[in-house]
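Just below is one structure, and these are the notes that go with it.
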Amino acid sequence: MNDEIIFFIDGVQVTGRPGQTIIEAADEAGVYIPRLCHYPGIEAWGSCRVCTVAANGRPCSACTQPITTGLVVENDTETLREYRKSIIEMLFVEGNHFCMFCEKSGDCELQALAYRMGITAPRYPYLWPEREVDASHPDVIIDRNRCILCARCVRVSRDVDGKAVFQFVERGPEKKLTVNAEARLKDTDLDVTDEALDVCPVGALLKKRVGYAVPVGERMYDQEPIGSDIESNTDAAPAAATEVEA
Amino acid sequence: MSEDLTARVSAICGEYGSDAGRMMDIAWRLQRTFGEVSSEAMDVIASETGATRADVESCVSFYSFFSTHKHGRVVIRLSNDVPDRMAGYHRVLGAFEDELGVKCGETTEDGAFTLESTACVGLSDQAPAALINDVPFTELSTDDAREIVRELRKHMDPRRLVHKLGDGNNAHPLIHSMVHNNLRGTGLTLFTSYNRGEAIQKALSMSPVEVIRAVKTARLRGRGGAGFPTGMKWEFTRGARGEPKFIICNADEGEPGTFKDRVLLTERSDRVFAGLTIAGYAIGASEGIVYLRAEYAYLRSFLEAQLEKRRADGLLGESILGHEAFDFDIRIQMGAGAYVCGEETALISSCEGTRGDPKNRPPFPAQEGYLGLPTSVNNVETLCCVAKILEMGPATFCEYGTHQSSGTKLLSISGDVCQPGIYEVPFGTTLREVLEMSEAEDPVAVQVGGPSGQLVGPEDFDREICFDDLATGGSMIVFGPDRDLLKVVEAFMDFFVEESCGYCTPCRIGNVLLRDAVTRVRQRQMEPADIDEMERLAGTVARTSRCGLGQTSPNPILSTLKNFRHLYDELVEEAPDGQRRSFDLDAEVTAAAAIAGRPDGE
Amino acid sequence: MSENGKGTVAAKPRVATTSLAGCFGCHMSILDIDERILDLVEIIDFDKSPINDFKVFQEQCVVGLIEGGCCNEENVHVLRDFRKKCDILVSVGDCATMGGIPALRNTIPLEECLREAYVDGPTVHNPSGEIPVDEDIPLLLNKVFPAHEVVKIDYYLPGCPPSADALWAALSALLSDEPVELPYSLIKYD
Ligand SMILES: Cc1cc2nc3c(=O)[nH]c(=O)nc-3n(C[C@H](O)[C@H](O)[C@H](O)COP(=O)(O)O)c2cc1C
Ligand code: SF4
Ligand code: SF4
Ligand code: FES
């Protein structure tokens, strides 16, 4: 059985393996496709749509779309950059993102994507939703003002921690994160050591008493844009990749 | 928690084998029994079924017909779709509010009535319409509304208010409804008479592969909207690995302005069930599910009785018509008020007892559908066509329509026409012909295919109804010269905001922003550049959304920008001095002025 | 700075600044460009600005720097005036770009906010139990608005406050007729 799949991202030949999604193969090849809900090693979700690429001309989410031989993927194009920027701006106006006092600032993936895309202010009007904060748990706080509904915590708590502490209720713009209890996080079996707490891309799920520990300037995205680690994955394919005629 | 509640909820769960996969049925039973699915009840369901409490809440809170607070014993749901609005929805709502002394969305203090508005209930040809509990009420006037409330106060039984019965099976005791079929031009195929059992008989005389071939020869394409070749879908499902396989009839008919599946289910349920049975035979399924939208719950006992009769007649059950190798049965799965559940993967989620989120594709339902097993989802009308193809033969079927679009299409026509109702036309019929048939009154625009379709003007009236030109699942809403088309667009965007499942970013947020933008256009608060930005956003939502709902939700805006651009241009204007028209200072100081006792804001 | 801001030195571009619903932190950041401020005053004149305490516009300005969003009607009037008097308007800081800390009230009805602040708050002593009103107090807006939701804004310098470097980069670009394009290191929301 052939265990190599050759396909193309922005004209560059990339080699992946059967069963991989576009984003997985791209990561290994050192090609960064912006993403938010994707998290390595857990069920693909496909909800944020930040990873939208065009596969054989059709838009799809790179984190859910399997690679196939000869697939022609567009990633870093003007049109797709504009879509992604628009989506990030939507997320900023949908919630209440007060970066100036958020513990996650500097380490936040939403913010980092905005930085990477050069967003200085969203073009859409702010929606200012009313969202609940749950500080009932002794060690953990949920600030739904910042939740982008990416379901990372939902998936990790269910599939890695084996607890299913988090879930979504309601639908459409009313959709929100809930916990597996009548109302409060303290009534769930969440533990401060749960892995679900380490995957939130934003400052919606925070451990208490550990914030602001890293000085400004040394946080994850203070110096290098998000995705730099993937792009510097130089032992991967692109070094060996050949430019393909358009 | 009261022991009584625990016992009763446990008993209900027990009736469904305490199977979390039957969450919809369990929630429905609770909703009907208690008028709510309360927080305590959710705990019991969780412990009985093994689902997490959050999973139960996630499902229950998704559907608009379930409530987590107590509903009145009588729930009045007024259909707020565009044809209803054109026919006086607001006046009727006002009358209900007046008479009940509550606002829309509220329950009377005595717990007797809840008043709500709801998306299209599939009665656009007899608008304004409402469902009272399950009972449809049509062509409501403000007097009717008052009268209904007064009568209900006496006996609380909406069925007793059905004085004049509709035509055909609407008058059947098990339906007992005032609904009319409004069958107009429907002589061609689907509503013709038939011998019960004939189609199945013919199918069973062939091999499943031959049945699929016949459907392919007829070039049948799905009537639910997407137009996917039915034979090919069956072939994929049949060929996919995994047993058992499932066949699902999509009777969610949620596209506003569509009501043809309702009429088929009322008058030709045998043909629908025959088509479903044949589909089951073709793909190798022994279980069929009819996913019936909650709005059509009034048809349920009738349909159950029809199924029972088919069982008695050997058309369902074991060894159908003596065919040893073919056992097949059908069950009805009720929806609970969610347009997105018409989308086939969301429909499957709902059948599995979860919130109606669409699923990622691939895998496609044909590979991994219901319970992860190969599943084919087909529209009611598609299945009727299947039965008809078996009855008349593929060649005769193909005599109707065009090469790419064979057969006929049922259209649900409403709005500014003298003869609203169901029309069966061969594919290839022009919009103009349809408008003439239905006696449209000076039409200036037609919404073809519902909100997710396109709003077209007279330049397009000579276009043909078929998959390759004016594609439609059947909804046609006609607008005369006095209609405010941007108001229509705004109402459609409201619909999408309400019905988005909220899974993906562009649809969840983008539609809110688009709806608000249309509102601002209507309020003359936009500038030319804002329209360009709105168009760009509409494009982003259409291209990046995860499922067909979000991918088509900007169509009201995109198609009016294309076909009725002047409507926008007339309302937008450059703001002087770099100001923003959208900011209205007077409107923004109202709260402070009230607090300061300066109601004029001065 | 030229005398009274009245242009003796011809054609020095004029820059106006204001603090609307802000905390003056962004203005501090302007001063924080350190010795570069000497270069700055060489090449520009400050028009209306808290830095020189000019209360009214002297002339049409090339650049207006807006700190803070709009929380009351007066902010709106000032901002609209800035829009008219400045060729290029820059939102400086998170309050101007997204409302900032003052916008924390945006999810709470105004009356509830005021009652908490003046009547019900745990540290409030207000025997009258009334929310203070006076016709000289500008009316609060229902919500706090970022500047660009009230007037058109040409550039944004997010940050709380934006760094002196970001401000310097923006001003240098604008004063040499270049578009403002901040490098990665200068776009920060905190
Ligand atoms: C938001 C949305 C709603 C839909 N609603 C319906 C519906 O009510 N009925 C239907 O048959 N198909 C509906 N569809 C199409 C189904 O996904 C699916 O294509 C169809 O049921 C397949 O049947 P067919 O091939 O017979 O048309 C909907 C699709 C979307 C995206
Ligand atoms: S809390 Fe965090 S991880 Fe969980 S859904 Fe919200 S943003 Fe995602
Ligand atoms: S487009 Fe996205 S949010 Fe909208 S209904 Fe589909 S999956 Fe849900
Ligand atoms: S990362 Fe692919 S949709 Fe979110």
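The values are calculated or read from the model by the stated rules, or taken from the named source; none is laboratory data. Fair warning: this is a prediction, and the values are worked out from it, not measured in the lab. Glycine gets a Cβ as well: all are built from the backbone with ideal geometry, and neighbour counts include every protein chain shown.
Can you go through B:Leu315, B:Leu347, B:Leu371 and tell me which one is assigned to a loop (DSSP other than H, G, I, E, B), touching a residue at least 40 places away in the same chain (Cβ under 8 Å) and either under 30 Å from B:Leu549 (Cβ atoms) or not polar (S, T, N, Q) (or both)? Spell out how you get there, then give the answer.
Details: B:Leu347 fails: assigned to a loop (DSSP other than H, G, I, E, B); B:Leu371 fails: assigned to a loop (DSSP other than H, G, I, E, B).
Going through B:Leu315, B:Leu347, B:Leu371 in turn, just one is assigned to a loop (DSSP other than H, G, I, E, B), touching a residue at least 40 places away in the same chain (Cβ under 8 Å) and either under 30 Å from B:Leu549 (Cβ atoms) or not polar (S, T, N, Q) (or both): B:Leu315.
Taking the listed residues B:Gly257, B:Gly275, the one that is among the small types (Gly, Ala, Ser), within 21 Å of B:Asn170 (Cβ to Cβ) and either in a helix (DSSP H, G or I) or within 14 Å of the chain's Cα centre (by Cα) (or both) is B:Gly257, with no other qualifying. When the stretch B:425-459 is filtered for residues that are out of contact with any Asp or Glu (no Cβ under 9 Å at 6 or more places or on another chain) and surrounded by 23 or more Cβ atoms within 10 Å (Cβ to Cβ), the ones remaining, listed by number, are B:Val434, B:Ser438, B:Ala445, B:Gln447, B:Leu455. Counting only helices (runs of 4 or more DSSP H) wholly contained in the stretch B:543-602, the ones carrying 2 or more residues that are closer than 30 Å to B:Asp482 by Cβ occupy B:555-563, B:565-569.
Considering the stretch A:31-44, and only residues there that are surrounded by fewer than 22 Cβ atoms within 10 Å (Cβ to Cβ) and within 12 Å of another protein chain (Cβ to nearest Cβ), the residue that is nearest to B:Ala542 (Cα to Cα) turns out to be A:Ala44. Residues that are within 10 Å of another protein chain (Cβ to nearest Cβ) and more than 17 Å from C:Ile101 (Cα to Cα) within the stretch A:97-109 comprise A:Gly106, A:Cys108, listed in sequence order.
For the stretch A:38-69, a residue qualifies if it is of a type in the set (A, V, I, L, M, F, W, C), within 19 Å of A:Cys153 (Cα to Cα) and more than 7 Å from ligand 4 (Cβ to nearest atom), and the qualifying residues are A:Ile42, A:Ala44. Taking the conditions (1) within 16 Å of ligand 4 (Cβ to nearest atom); (2) within 30 Å of C:Ser91 (Cα to Cα); (3) among the small types (Gly, Ala, Ser) in turn, A:Ala121 satisfies each one other than (1). Looking only at residues of the stretch B:534-553 that are more than 10 Å from ligand 1 (Cβ to nearest atom) and more than 10 Å from chain A (Cβ to nearest Cβ), we find that the one that is nearest to B:Cys501 (Cα to Cα) is B:Ala538. The set of residues in the stretch B:494-505 that are touching a Cys at 6+ places or on another chain (Cβ under 9 Å) and near ligand 3 (Cβ under 6 Å from one of its atoms) comprises B:Ser500, B:Cys501, B:Tyr503, B:Cys504.
Run down C:Lys188, C:Lys152, C:Lys143 and say which single residue is basic (Lys, Arg), within 8 Å of another protein chain (Cβ to nearest Cβ) and farther than 23 Å from C:Phe24 by Cβ.
Values: C:Lys188 fails: farther than 23 Å from C:Phe24 by Cβ; C:Lys143 fails: farther than 23 Å from C:Phe24 by Cβ.
So the residue among C:Lys188, C:Lys152, C:Lys143 that is basic (Lys, Arg), within 8 Å of another protein chain (Cβ to nearest Cβ) and farther than 23 Å from C:Phe24 by Cβ is C:Lys152.
If you go through the stretch A:113-134 and keep only what is more than 10 Å from chain C (Cβ to nearest Cβ) and in contact (Cβ under 8 Å) with a residue 60 or more places away in the chain, you end up with just A:Leu113. Taking (1) of a type outside the set (Asp, Glu); (2) within 17 Å of the chain's Cα centre (by Cα); (3) within 16 Å of ligand 3 (Cβ to nearest atom); (4) surrounded by fewer than 22 Cβ atoms within 10 Å (Cβ to Cβ) in turn, A:Met90 satisfies each apart from (4).
When A:Pro125, A:Pro201 are screened for being of a type outside the set (D, E, K, R), at pLDDT 95 or above and surrounded by fewer than 21 Cβ atoms within 10 Å (Cβ to Cβ), only A:Pro125 passes. Evaluated against (1) at pLDDT 95 or above; (2) within 14 Å of chain A (Cβ to nearest Cβ); (3) over 15 Å from the mean Cα position of the chain (by Cα), C:Cys95 falls short on exactly one condition, (3).
Sub-9 Å Cβ pairs linking a first residue in the stretch B:566-580 that is under 15 Å from B:Arg522 (Cβ atoms) and in the same structural domain as B:Gln523 (by TED's automatic domain parsing) to a second residue that is part of a helix (DSSP H, G or I) and among the acidic types (Asp, Glu), at least 6 apart or interchain, are B:Val572/B:Asp530, ordered by first then second residue.
Quick check on B:Asp81: is it touching a residue at least 12 places away in the same chain (Cβ under 8 Å) and assigned by TED's automatic domain parsing to the domain that holds B:Phe137? Reasoning before the result, please.
Details: touching a residue at least 12 places away in the same chain (Cβ under 8 Å): yes; assigned by TED's automatic domain parsing to the domain that holds B:Phe137: yes.
When the stated conditions are applied, B:Asp81 passes them.
Please pick out the residue among A:Val140, A:Val199, A:Val216, A:Val160 that is touching a residue at least 60 places away in the same chain (Cβ under 8 Å) and either within 16 Å of ligand 1 (Cβ to nearest atom) or not assigned by TED's automatic domain parsing to the domain that holds A:Met90 (or both). Full working, then the answer.
Details: A:Val140 fails: either within 16 Å of ligand 1 (Cβ to nearest atom) or not assigned by TED's automatic domain parsing to the domain that holds A:Met90 (or both); A:Val199 fails: either within 16 Å of ligand 1 (Cβ to nearest atom) or not assigned by TED's automatic domain parsing to the domain that holds A:Met90 (or both); A:Val160 fails: either within 16 Å of ligand 1 (Cβ to nearest atom) or not assigned by TED's automatic domain parsing to the domain that holds A:Met90 (or both).
Only one candidate passes the filter, namely A:Val216.
Return a yes/no flag: does the stretch B:24-33 have any residue that is in a helix (DSSP H, G or I) and of a type in the set (Asp, Glu). Don't jump to the end; show me each part of the working.
Initially, the stretch B:24-33 is screened for residues in a helix (DSSP H, G or I), giving B:24-33.
Filter once more, keeping what is of a type in the set (Asp, Glu): B:25.
Yes: one or more hits.
Only one of these is among the aliphatic types (A, V, I, L, M), more than 26 Å from A:Met100 (Cβ to Cβ) and touching a residue at least 12 places away in the same chain (Cβ under 8 Å): C:Val119, C:Val180. Name it.
On the way: C:Val180 fails: more than 26 Å from A:Met100 (Cβ to Cβ).
From the options C:Val119, C:Val180, the qualifying one is C:Val119.
Being among the β-branched types (Val, Ile, Thr) and within 16 Å of ligand 2 (Cβ to nearest atom) is the filter here; which residues of the stretch B:481-537 pass it? The answer is B:Thr505, B:Ile509. Filter the stretch B:484-505 down to the residues that are within 13 Å of chain A (Cβ to nearest Cβ), without any contact (Cβ under 8 Å) to a residue 60 or more places away in the chain and not in a helix (DSSP H, G or I), then identify the one that is nearest to the chain's Cα centre (by Cα). Applying the filter and picking the extreme gives B:Gly502. Pairing each residue of the stretch A:19-36 that is within 23 Å of A:Ile88 (Cβ to Cβ) with any residue that is part of a helix (DSSP H, G or I) and hydrophobic (A, V, I, L, M, F, W, C), provided the two are 6+ apart or on different chains, yields C-beta distances under 6 Å for A:Asp27/A:Ile230; A:Tyr32/A:Ile230; A:Ile33/A:Ile23; A:Ile33/A:Ala26; A:Pro34/A:Leu113.
Here's the yes/no breakdown for (1) modelled with pLDDT of 95 or more; (2) of a type in the set (Val, Ile, Thr); (3) assigned to a helix (DSSP H, G or I); (4) touching a Phe, Trp or Tyr at 6+ places or on another chain (Cβ under 6 Å):
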| residue | (1), (2), (3), (4) |
| --- | --- |
| B:Glu151 | yes, no, yes, no |
| B:Lys154 | yes, no, yes, no |
| B:Gly166 | yes, no, no, no |
| B:Arg196 | no, no, no, no |
| B:Gly225 | no, no, no, no |
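Just checking, which of B:Lys487, B:Lys562 is closer than 27 Å to B:Gly337 by Cα and more than 15 Å from ligand 3 (Cβ to nearest atom)?
Details: B:Lys562 fails: closer than 27 Å to B:Gly337 by Cα.
Among B:Lys487, B:Lys562, only B:Lys487 is closer than 27 Å to B:Gly337 by Cα and more than 15 Å from ligand 3 (Cβ to nearest atom).
Whenever a residue of the stretch A:51-77 is farther than 16 Å from A:Gln20 by Cβ and within 10 Å of another protein chain (Cβ to nearest Cβ), its partners that are of a type in the set (S, T, N, Q) and surrounded by 23 or more Cβ atoms within 10 Å (Cβ to Cβ), lying with C-beta atoms within less than 7 angstrom and at least six residues away or across chains, give the pairs A:Thr52/A:Ser61; A:Thr52/B:Thr544; A:Pro59/A:Thr52; A:Pro59/B:Thr544.
The condition of being of a type in the set (Lys, Arg), part of a helix (DSSP H, G or I), within 11 Å of chain A (Cβ to nearest Cβ) and more than 13 Å from ligand 3 (Cβ to nearest atom) holds for only one of B:Arg508, B:Arg515, that being B:Arg515.
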